[in-house]
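In what follows, a structure is listed as structure tokens, so that the remarks can point back to it.
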Amino acid sequence: MDKLRVAILIVSDTASANPASDKVVDALTPIFAAEGKWESPAFRIVPDNVGQIQQCVCEWADGPSWYNLILLSGGTGFAIKDNTPEVSLCFPN
């Protein structure tokens, strides 16, 4: 049986400037490995930018090498610039 594919999108201005500041991939990778049915997670870090978030999610969801599970982390603060939840639910037609 083929393993399932998972991708993690980290949305963070801080982590996009300094990837070492984010710990999400390091925290989640052992969890997926322990299950035994997941490939090692792919990941990408982008700033809190609507276009970059949408492009990545669309590529992972509809691209030729799509993923079974896409997780988003970060960008969920209360500042006007923090728009990850809205972006991930409102894709253009």
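Miscellaneous remarks
- Conditions (1) closer than 15 Å to G74 by Cα; (2) in contact with an Asp or Glu (Cβ under 7 Å, 6 or more places away or on another chain); number of the one not met by K3: (1)
- The condition (being among the hydrophobic types (A, V, I, L, M, F, W, C) and either open to solvent by 40 Å² or more (accessible area, probe 1.4 Å) or over 11 Å from L72 (Cα atoms) (or both)) is satisfied by just one residue among V50, V46, V24, V57: V50.
Listed here are the residues, each with its yes/no results for (1) under 12 Å from L71 (Cα atoms); (2) part of a helix (DSSP H, G or I); (3) more than 14 Å from the chain's Cα centre (by Cα); (4) touching a residue at least 60 places away in the same chain (Cβ under 8 Å).
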| site | (1), (2), (3), (4) |
| --- | --- |
| I8 | yes, no, no, yes |
| S16 | no, yes, no, no |
| A20 | no, yes, yes, no |
| D26 | no, yes, no, no |
| P30 | no, yes, yes, no |
| A33 | no, yes, yes, no |
| S40 | no, no, no, no |
| R44 | yes, no, no, no |
| Q54 | no, yes, no, no |
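- When the range 34-43 is filtered for residues that are farther than 10 Å from I8 by Cβ and open to solvent by 70 Å² or more (accessible area, probe 1.4 Å), the ones remaining, listed by number, are A34, E35, K37, E39, S40.
The values are calculated or read from the model by the stated rules, or taken from the named source; none is laboratory data. None of the values given here were measured: they were computed from a predicted structure. Glycine gets a Cβ as well: all are built from the backbone with ideal geometry, and neighbour counts include every protein chain shown. All accessible areas refer to the heavy atoms of the entire protein, side chains included, with ligands and DNA or RNA removed. Shrake-Rupley method; radii C 1.70, N 1.55, O 1.52, S 1.80 Å.
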